[in-house]
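Only the coordinates and a few stated rules stand behind these numbers; no lab work does. Everything quoted here is computed from the prediction, not taken from an experiment. Every residue, glycine as well, gets a Cβ built from its backbone with ideal geometry; the counts of neighbours run over all protein chains shown.
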Amino acid sequence: MNFDLAIPSQLTRALGPDLLLMAGAMVLMLWAAWRPDSDKHQRAVGAASLALIAVTMGALFWYASRGFSSTNGVIAVDNFRWAADLIFLLGAFGAIALGMEYNARERILPAESHVLVLFATSGMMVLAAARDLMIVFLGIELMSVAVYVLAGMNRRSPKSAEGSLKYFLLGAFATGFLLYGIALIYGATGTTNLWDISRKVAEWTFPARPMMAVGTGLLLVGFGFKVAAAPFHMWAPDVYEGAPTPITAFMATAVKAAAFTTFVRVWMEALPGMGGAWFAPVWWLAAVAMFVGNAVALSQRNLKRLLAYSSIAHSGYLLVAVAAGSLAGSSAFLFYLVAYTLASFGAFAVVITVARTGDTNGELSDYEGLWHVRPGLAIAMAVFMLSLMGFPVFGGVGFFGKWYLLMAAIEAPRSLVTLAVVLVLTSVMSAGYYVNVVRLMFMKPRPEGAAEIEPSGALTRGVVFTAAIAVLALGLVPSRLIAWSRASLPRAPQAQVTTTVAPK
Amino acid sequence: MLVEALALSAVLFSIGVIGVLTRRNAIIIFMCVELMLNAVNLSFVALSKLYGAAGQVFVVFTMTVAAAEAAVGLAIIIAIFRHVKTVNLQNINLLKG
């Protein structure tokens with residue numbers, strides 16, 4: 001059915017899964033605060049949070065299968081939203097599952113940590129639904145404020161507090177840019193609705209009004225910070241290293257995916273007419289992020305920091321899809337996001353397993369000879385590393401992710417062949433550190449006196465092996481995932497004009 | 001009046017940005033961020049004279065969000081103060097590389 005968002009009851013129904021998650025999270029928050037902090041209570045709240053996510057996923061599948069739509073108003077009801085929500089919920093599920101065991105080991109007893117993940121996820125779902133810059137702003141803040149707290153969740157660790165402070169200051173700074181960009185776009189067009197903005201831009205006889213161009217630029221800076229694309233990436237490595245590892249995994253996958261989802265929607269639905277103004281900056285942002293992320297990752301000795309720089313490089317790869325600005329670009333974007341989320345989550349889960357209390361043993365040297373003591377873990381880590389690199393067959397779905405990005409870049413309306421070449425060259429560069437991890441694990445002997453690796457809990461093991469099997473299985477049969485991502489696109493601006501009522 | 005208000009907003013926003021980039025005290029940086037947000041609020045209010053109430057609604061949202069952010073932000077600053085007994089970013093440098 002088609003929701004008429006002017007009617008409050010239909011607007012509520014259009015937000016069904018989001019409201020379900022928010023209501024459940026608030027009840028869980030009360031329950032989390034009800035009892036004194038203890039490991040048992042923390043695990044109970046975590047288990048309830050996992051159940052809530054599963055229920056929300058069920059609601060999501062039901063909504064997606066009914067083929068709902070909306071033609072007006074501030075909320076998007078389309079497959080792009082459901083697909084993005086699914087990625088966020090998977091990320092949240094993984095983060096809470098890893099968090100239950102990690103928090104027990106690190107003695108992070110407040111049960112709220114799991115509930116905050118749920119709050120952040122509800123912000124992401126609002127972001128995926130936003131078809132109005134006002135909702136974009138609210139969604140970003142709903143997500144970010146919860147994640148600022150999560151980054152500092154380990155109150156005994158000065159590193160965690162420092163990471164949280166840096167994340168907060170730079171995140172708030174970025175919000176300022178985003179908000180000013182929104183204000184200027186509102187000033188130039190008189191509306192904050194994405195479709196109305198694109199109609200207004202299409203009406204202009206001369207392409208870019210200065211106010212609109214500056215607004216677009218500021219918006220780009222704001223999003224650049226939020227997705228950690230170089231040169232706006234400097235917070236990412238510190239925050240990723242300082243935060244508790246399950247939260248790092250959550251930030252590197254779900255938070256980044258959420259910022260990118262709304263980035264793509266705003267760019268595809270509101271600003272295609274501004275292509276002349278944003279094309280070159282996005283091009284350079286992508287190229288610089290790919291180069292800087294991969295180049296600096298080469299010199300990292302700490303695996304968490306290495307993965308942080310690798311995630312900056314992956315922001316660059318995803319920006320190629322944004323620069324393509326085509327429907328093929330958006331479908332490649334979703335495909336890549338799934339591949340990246342799986343591999344990245346798995347890699348962080350391995351980092352949690354190898355580390356010991358106090359987040360020690362995160363250096364590359366601690367991975368030497370892992371194959372001789374924990375062969376299963378070493379094989380899983382190798383799969384994740386090769387997948388992030390985009391290696392064929394052994395890297396599973398990561399290879400196809402890069403492949404579709406390249407195809408989208410080459411077939412884009414404005415040809416991106418040079419950017420595709422940069423993508424390939426920087427991927428070759430990335431082999432320098434991804435393959436190095438694999439080499440250390442398999443070809444080096446386990447050093448004398450190396451710390452013993454404690455047996456990991458069932459949930460952590462489950463995340464590692466589910467992620468590894470998903471990466472490999474989707475790599476063998478990528479066609480289902482491609483069909484799924486092709487069916488889940490943001491509305492093309494040309495299609496809107498014919499299917500919606502004329503602007504007032 | 002519109003042009004003057006927008007110009008003042010741009011100047012205030014720039015002062016905020018310069019403050020964030022040059023100051024090293026976490027609390028002053030945070031104040032500069034608040035200045036940036038309020039400069040944007042001024043723009044929204046001025047523009048709503050042209051386009052109707054949407055800009056003013058946005059200001060209410062922005063203020064609510066800024067209040068939530070302030071609560072979380074000050075708590076984070078207190079948390080780090082407990083560890084290092086300073087809020088000067090030059091002395092907070094465990095993470096680097």
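Using the C-alpha gyration tensor of segment B:2-88, what are the square roots of 5 times its eigenvalues, in whole angstrom, with the largest one first?
30, 16, 4
For segment A:202-246, state the average projected area of the convex hull of the C-alpha atoms over all orientations, rounded to one decimal in nm².
Averaged projected area of segment A:202-246's Cα convex hull equals 4.7 nm².
Report the calculated FRET efficiency for B:Glu4 and A:Asn436 (r = Cβ-Cβ distance, R0 = 60 Å), to the nearest 0.05.
For B:Glu4 and A:Asn436, the calculated efficiency is 0.55.
Between segment A:446-466 and segment A:405-445, what is the separation of their alpha carbon centroids in Å?
A separation of 29 Å, based on Cα centres.
Rounded to the nearest 0.05, what FRET efficiency do B:Ala67 and B:Val45 have when you use their Cβ-Cβ distance and R0 = 25 Å?
Result of the calculation: an efficiency of 0.90.
What do you get when you divide the Cα radius of gyration of the protein assembly as shown by 2.2 N^0.38 Å, with N the number of residues?
Normalised Cα radius of gyration, the protein assembly as shown: 0.92.
In whole Å, what are the Cα extents of segment A:223-293 along the three principal axes, biggest one first?
Projected onto its principal axes, the Cα set of segment A:223-293 covers 42, 24, 13 Å.
If Lys and Arg each add +1 and Asp and Glu each add -1, what is the summed charge of the other residues whose beta carbon sits under 14 Å from the beta carbon of B:Asn88?
So the surrounding residues net to +3.
Between Rg and the Kirkwood Rh of segment A:317-360, both from Cα atoms, what is the Rg to Rh ratio?
Numbers: Rg = 15.5 Å, Rh = 12.1 Å.
We get a ratio of 1.27 for segment A:317-360.
Listed here are the pairs A:Lys40/A:Lys444; A:Lys304/B:Lys85; A:Lys159/A:Lys402; which of them are more than 30 Å apart at the Cα?
A:Lys40/A:Lys444; A:Lys159/A:Lys402
Please compute the contact order of chain A in relative form: average sequence separation of alpha-carbon pairs under 8 Å and at least six residues apart, divided by the residue count, as a percent. Each step should come with its number before you reach the end.
Details: 879 pairs, mean separation 76.3, N = 504.
After rounding, I find 15 percent.
Report the equivalent ellipsoid semi-axes for segment A:412-465 in whole Å, largest first, defined as the square roots of five times the eigenvalues of the gyration tensor built from alpha carbon atoms.
Working through the eigenvalues yields semi-axes of 38, 19, 6 Å.
Measuring from centroid to centroid over Cα atoms, what is the spacing of segment A:136-154 and segment A:250-267 in Å?
13 Å
Can you compute the helix-only [θ] at 222 nm over chain B? Use -39500 (n - 2.57) per DSSP H run of at least 4 residues, normalise by all residues, nearest 500 deg cm²/dmol. Before the final figure, lay out each step's value.
Values: 3 runs with 78 residues, N = 97.
After summing the helix terms and dividing by the residues of chain B, the value is -28500 deg cm²/dmol.
Using only alpha carbon pairs under 8 Å that are at least six residues apart, calculate the relative contact order of segment A:207-338 and give it in whole percent.
Reported relative contact order: 30 percent.
In what order do A:Ser299, A:Ser430 fall by count of nearby beta-carbon atoms within 10 Å, going from fewest to most? Walk me through the intermediate numbers first.
On the way: A:Ser299 12, A:Ser430 25.
Listed from fewest to most nearby Cβ atoms, that is A:Ser299, A:Ser430.
With N set to the number of residues, divide the alpha-carbon radius of gyration of segment A:340-477 by 2.2 N^0.38 Å and report two decimals. Kindly include the intermediate steps, with their values, before the conclusion.
Numbers: Rg = 16.6 Å, N = 138, 2.2 N^0.38 = 14.3 Å.
Normalised Cα radius of gyration, segment A:340-477: 1.16.
Quick check: residue separation of B:Gln90 and B:Val11 times 0.36 nm, minus the Cα distance between them. What number comes out in nm?
Stretched fully, the B:Gln90-B:Val11 segment lengthens by 25.7 nm.
Tally Lys/Arg at +1 and Asp/Glu at -1 over every other residue whose Cβ is under 9 Å from the Cβ of A:Ser70; what's the total?
-1
Of chain A, which part is the longest with no GluC sites (Glu not before Pro) in a loop (DSSP not H, G, I, E, B) and with at most 12 other C-beta atoms within 10 angstrom?
A:1-447
Between A:Val417 and A:Trp484, what is the FRET efficiency for a Förster distance of 30 Å, r being their Cβ-Cβ separation, to the nearest 0.05?
The formula returns an efficiency of 0.60 here.
Based only on other Cβ atoms within 10 Å, what is the fewest-to-most ordering of A:Arg131, A:Arg414?
A:Arg414, A:Arg131
How would A:Met234, A:Met134, A:Met268, A:Met290 line up from fewest to most surrounding beta-carbon atoms within 10 angstrom? Could you put the intermediate results ahead of the total?
Values: A:Met234 14, A:Met134 18, A:Met268 24, A:Met290 28.
Result, fewest neighbours first: A:Met234, A:Met134, A:Met268, A:Met290.
With each label point set 7 Å from Cα along the Cα-Cβ vector, what nm distance links B:Ala75 and A:Val477?
The modelled label-to-label distance comes out at 4.6 nm.
Go ahead and estimate [θ] at 222 nm for chain A from helices alone: -39,500 (n - 2.57) per DSSP H run with n ≥ 4, summed, over the residue count, rounded to 500.
Computed ellipticity for chain A at 222 nm equals -24500 deg cm²/dmol.
Let me test this: with uniform point scatterers at the alpha carbons of segment A:196-342, what is the Debye-based log₁₀ I(q)/I(0) at q = 0.21 1/Å?
Debye output, listed in q order: -1.27.
Once label points are set 7 Å from the Cα along Cα→Cβ at both A:Ala295 and A:Asn2, what is their separation, rounded to one decimal in nm?
5.2 nm
Find how many whole Å separate the alpha carbon centroid of segment B:18-97 from the alpha carbon centroid of segment A:306-325.
So the separation of the two Cα centres works out to 27 Å.
Quick check: convex hull over the Cα atoms of segment A:285-367, volume per residue in Å³, rounded to an integer?
For segment A:285-367, the hull spanned by Cα atoms encloses 79 Å³ per residue.
Can you check what the net charge comes to around B:Ala66, using other residues whose Cβ is under 12 Å from the Cβ of B:Ala66 (Lys, Arg +1; Asp, Glu -1)?
-3
How much of the pair distance distribution for segment A:255-403 lies past 26 Å, counting alpha-carbon pairs only, in percent?
Result: 31 percent of Cα pairs exceed 26 Å.
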